[in-house]
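*Asks:* Take this structure first; my questions come after.
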Amino acid sequence: RTFLLKERRVEETDVRKRAPIAVAIGFVTGIVAGATGTGGGAILVPLALWAGIVSNTRVVALSNTVMVATCAAGALAHALAPQTTPFDYTIGQVDFALAPLVFIGAQLVRPAGRRINAWLTLPRRRVVMGLLLVVIAVRLVLRIV
């Protein structure tokens, strides 16, 4: 299905201000993301575009904004959880020695990510996502066998 997706264009003039639908989308996104461990953007972005509550040009900003708040809440919850490892600089389940290193790595490759994002048209995104899902499915099957 990923390879056959049709682009859903939502222009600023087509955006509908519907708070109940936005809350429902957030609720579904939170449940699915929390239960499966997938990023909420995999669910939030398609649902927000499908419902027409945000335009294509602003959907990434919406997803990133929600991600910041969700990450802060998640980090607090993990910090308050019982400690599971005896590592130094670990509070709860958060490794404060490792987190800054991951952050630095992410910031170093951010410009490359922006260039890749500009290059990835919808047809290219479909192929990349489809291939990624196939690789994940094959790895899951190989683990079972």
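Each reported figure results from applying straightforward, stated rules to the coordinates on display, with no laboratory input. Because the structure is predicted, anything quoted here is derived from the model rather than measured. Quick reminder, even Gly has a Cβ in these numbers, built from the backbone with ideal geometry, and neighbours come from all protein chains shown.
*Asks:* Pulled fully out, how much extra length does the chain show between T36 and R114, if you take 0.36 nm times their separation in residues and subtract their Cα-Cα distance?
*Replies:* Taking 0.36 nm per residue and subtracting the Cα distance, the gain is 25.4 nm.
*Asks:* Could you work out how much longer the chain between L133 and V102 gets when fully extended? Use 0.36 nm per residue separation minus the Cα distance between them, nm to one decimal.
*Replies:* 8.7 nm
*Asks:* Where in the chain are the DSSP H helices whose C-alpha atoms run 20 Å or more along the long axis and whose mean Kyte hydropathy is at least -1.0?
*Replies:* Span-like helices in the chain: 19-36, 59-80, 99-119, 122-144.
*Asks:* If you don't mind, there's one more thing I want to ask. What is the gain in length, in nm to one decimal, between T121 and H78 on full extension, counting 0.36 nm per residue of separation less the C-alpha to C-alpha distance?
*Replies:* 11.8 nm
*Asks:* Just how large is the dipole of segment 68-133 about the Cα centre, in debye to the nearest 20, putting +1 at every Lys and Arg Cβ and -1 at every Asp and Glu Cβ?
*Replies:* 640 debye
*Asks:* Tell me which of A97, V109, L49 sits at the most positive position along the dipole axis of the chain, charges placed on C-beta atoms (Lys, Arg +1; Asp, Glu -1).
*Replies:* In the chain, that residue is L49.
*Asks:* Ignoring everything except DSSP H segments at least 4 long, calculate the 222 nm mean residue ellipticity for the chain; use -39,500 (n - 2.57) per segment, divide by total residues, nearest 500.
*Replies:* Value at 222 nm, helices only: -22500 deg cm²/dmol.
*Asks:* Now a separate question. Post the alpha-carbon centroid distance, segment 111-145 to segment 65-92, in whole angstrom.
*Replies:* Using only Cα atoms to place each centre, the spacing works out to 28 Å.
*Asks:* Starting from the coordinates of the alpha-carbon atoms of segment 1-127, obtain the Kirkwood hydrodynamic radius over all distinct pairs and give the value in Å to one decimal.
*Replies:* 17.0 Å is the Kirkwood radius here.
*Asks:* Once you charge only the Cβ atoms, +1 for Lys and Arg and -1 for Asp and Glu, what is the size of the charge dipole of the chain about its Cα centre, to the nearest 20 debye?
*Replies:* 680 debye
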